[in-house]
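Shown next, in structure tokens, is the structure this report addresses.
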């Protein structure tokens with residue numbers, strides 16, 4: 001993508017937090033943006049240049065229909081569940097597996113449908129995972145494993161694209177913990193308590209903090225740089241994107 005180009009971008013999970021700011025950043029960069037969410041944006045009545053589509057992100061038929069209708073150049077998958085925060089001894093299988101049924105299924109659904117529709121040659125798919133996929137997260141049940149599985153799924157999809165000659169680029173972005181979102185706030189609360197710290201003291205250790213605005217800007221810059229990518233996975237911090245080894 002070049003800075004002067006106007007692309008069609010779908011952001012899955014665009015109602016709030018990082019997903020909303022990413023959608024806004026693409027719209028500000030001149031793209032036509034479709035925001036997909038289960039409930040719609042919290043900024044009702046605001047003309048932000050984003051077309052709303054209400055859909056269940058785990059529904060393969062809905063994903064296929066939206067990809068076919070809009071033929072996007074870029075698909076960003078951010079949607080997922082807030083994990084239940086508790087140590088392993090206090091988890092049930094139902095609470096532990098929440099993110100497998102949500103985050104992993106959503107990534108599986110959109111990657112599979114991107115391959116099956118398929119997206120047009122040159123299209124790019126970005127899966128927003130989590131830094132927990134690298135570092136682990138003992139207070140969030142199966143969250144870290146689910147986010148690592150998203151990264152594997154992205155790699156599988158990239159391989160299938162090559163095998164089928166589809167010319168798709170699949171990238172995983174792993175944001176660090178941030179208080180600017182429900183998942184991050186929940187994590188900070190749990191880990192501050194685990195360490196016997198105040199939430200403010202724990203948050204200070206995360207500096208420079210990743211903000212939704214920083215995330216949106218970094219993602220647009222990444223997608224405005226023509227493929228091939230420097231790497232297939234990037235850690236996203238308050239300082240920007242850093243390539244990760246496969």
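Structural remarks
- Residue match in segment 220-232 (condition: surrounded by 13 or more Cβ atoms within 10 Å (Cβ to Cβ) and over 22 Å from residue 31 (Cβ atoms)): yes
- Scope segment 215-246; condition assigned to a helix (DSSP H, G or I) and within 26 Å of residue 139 (Cα to Cα); matching residues: 215
- Where residue 210 falls short, out of the listed (1) more than 30 Å from residue 71 (Cα to Cα); (2) crowded, with 22+ Cβ neighbours inside 10 Å; (3) in contact (Cβ under 8 Å) with a residue 40 or more places away in the chain: (3)
- Within segment 70-77, not a single residue is more than 18 Å from the chain's Cα centre (by Cα), free of Cβ contacts under 8 Å to residues at least 12 places away in the same chain and either assigned to a loop (DSSP other than H, G, I, E, B) or under 18 Å from residue 110 (Cβ atoms) (or both).
- Enumeration of residues in segment 70-104 that are surrounded by 19 or more Cβ atoms within 10 Å (Cβ to Cβ) and closer than 18 Å to residue 11 by Cβ: 72, 73, 74, 75, 76, 77, 78, 79, 80, 103
- Selection from segment 179-205 of residues that are in a loop (DSSP other than H, G, I, E, B) and either within 30 Å of residue 122 (Cα to Cα) or modelled with pLDDT under 95 (or both): 179, 180, 181, 205
- Annotation for segment 104-122: no member residue is closer than 22 Å to residue 244 by Cβ and assigned to a loop (DSSP other than H, G, I, E, B).
The values are calculated or read from the model by the stated rules, or taken from the named source; none is laboratory data. The structure displayed is predicted, hence computed values, not measured ones. When we count neighbours, we look across all protein chains shown, and the Cβ atoms used for this are built from the backbone with ideal geometry, even at glycine.
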